[in-house]
1. Of the residues LEU16, LEU37, LEU54, LEU91, which is at pLDDT 95 or above and within 17 Å of LEU112 (Cβ to Cβ)?
2. Being among the charged types (D, E, K, R) and either more than 12 Å from the ligand (Cβ to nearest atom) or not assigned by TED's automatic domain parsing to the domain that holds ALA93 (or both) is the filter here; which residues of segment 41-58 pass it?
3. Can you tell me which residue in segment 1-37 is surrounded by the most Cβ atoms within 10 Å (Cβ to Cβ), limited to those that are basic (Lys, Arg) and more than 16 Å from the ligand (Cβ to nearest atom)?
4. Taking segment 110-159 as the region of interest, how many residues are free of Cβ contacts under 8 Å to residues at least 60 places away in the same chain, in contact with an Asp or Glu (Cβ under 6 Å, 6 or more places away or on another chain) and under 19 Å from TYR45 (Cβ atoms)?
5. Filter segment 77-91 down to the residues that are among the charged types (D, E, K, R) and more than 18 Å from ILE6 (Cβ to Cβ) and list them by number.
6. Which of the residues belonging to segment 86-95 are crowded, with 20+ Cβ neighbours inside 10 Å and under 22 Å from the mean Cα position of the chain (by Cα)?
7. Examine segment 59-79 for a residue that is surrounded by fewer than 18 Cβ atoms within 10 Å (Cβ to Cβ), within 12 Å of the ligand (Cβ to nearest atom) and free of Cβ contacts under 8 Å to residues at least 60 places away in the same chain, and state whether such a residue exists.
Amino acid sequence: MRVLVIEDEDSLRDQLSDHLKSHGFAVDSAADGEEGLYYGREYDYDAAIVDLGLPKVDGIEVIATLRQEGRTFPIIVLTARGHWQDKVEGLEAGADDYIAKPFQMEELFARLNALIRRAAGYASPVLSQGELQLDTAKKEVRVEGHPIELTAYEYKVLEYLMLNPDRVVSKMELTDHLYDQDFDRDSNVIEVFVGRLRKKINPVDLIRTVRGQGYRFVAESTA
Ligand code: CA
C-alpha cells in the first residue's frame, strides 16, 4: 500500500512517514500543497493524509482539485483540535475522514486501514476468500486456519491483490504500490514474490497469471 503524506510541519511529517513505513506502507511525503498536488496527480495512491493548513496551496484546495480531476483514493484530513469548521470543509471538499491534532498514531492507522479496506469493498479487517484469510490489523495470513509465515513483501503483494480482486494487476502497478518514489524498482522481483507466495498459500489457487499482462486475484464467488 502506498500512501501520500502532505504536512508542512517537519517533525510531524517525518514521524508520520516513519510510523507508516514501520507498518509496511510505502510513503511519499510533501511539505507543501503544491508538491502534494504534484504527487497526487502523478501517482496512484492507496490513500492520502492531508493537513489543511499548508503553504502555497491549502489542503482544501489540494483535495478539491484532486477530486475534480477524478482521483478517488481515500483521504484523511489532519485538523486542529476544536476547529469543527475544518472537518466540515475537508469532508465537503472530498475527504473521507478526519483526525484532530494531536492524535495517537495507532488511531490514525486504524482509520487508514479501515478506509483502504472499505474502498476495496471489505467491511471486516480480516479479508477472507475461501480458505484464505488475511488480517489487515495484525498483518497475519491463514490458510485453512493455519498461520502462514510471509515476508513483509510477500504480505504486501498478497494484501494488494486481495484488495484489488477480479481485475488484472500488472507487475508495474504492483511495484508502484509497494515501493515509494525513491526506491530502486525492479519488476522481476515481483515475479519472485508471487512465486514464493503461491507456494506458501498452496493449496489455495487464487492468484492467476494473465500472460503478458500480470496477475489476477480470483475472488471466491467467481473462482
Ligand atoms: Ca500545517
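The values are calculated or read from the model by the stated rules, or taken from the named source; none is laboratory data. Worth saying up front: this structure is predicted, and the values here are computed from it rather than measured. Don't worry about glycine lacking a Cβ; one is built from the backbone with ideal geometry, like all the others, and counts go over all protein chains shown.
1. Of LEU16, LEU37, LEU54, LEU91, the one residue that is at pLDDT 95 or above and within 17 Å of LEU112 (Cβ to Cβ) is LEU16.
2. Once the filter is applied, which keeps residues that are among the charged types (D, E, K, R) and either more than 12 Å from the ligand (Cβ to nearest atom) or not assigned by TED's automatic domain parsing to the domain that holds ALA93 (or both), segment 41-58 yields ARG41, GLU42, ASP44, ASP46.
3. ARG2
4. 1
5. ARG81
6. GLY90, ALA93, ALA95
7. Checked against the condition, which is being surrounded by fewer than 18 Cβ atoms within 10 Å (Cβ to Cβ), within 12 Å of the ligand (Cβ to nearest atom) and free of Cβ contacts under 8 Å to residues at least 60 places away in the same chain, segment 59-79 yields no hits at all.
Listed here are the residues, each with its yes/no results for (1) outside any helix (DSSP H, G or I); (2) hydroxyl-bearing (Ser, Thr, Tyr); (3) surrounded by 15 or more Cβ atoms within 10 Å (Cβ to Cβ).
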| site | (1), (2), (3) |
| --- | --- |
| PRO147 | yes, no, no |
| LYS156 | no, no, yes |
| TYR160 | no, yes, yes |
| ASP166 | yes, no, no |
| MET172 | no, no, no |
| ASP176 | no, no, yes |
| VAL189 | no, no, yes |
| VAL192 | no, no, no |
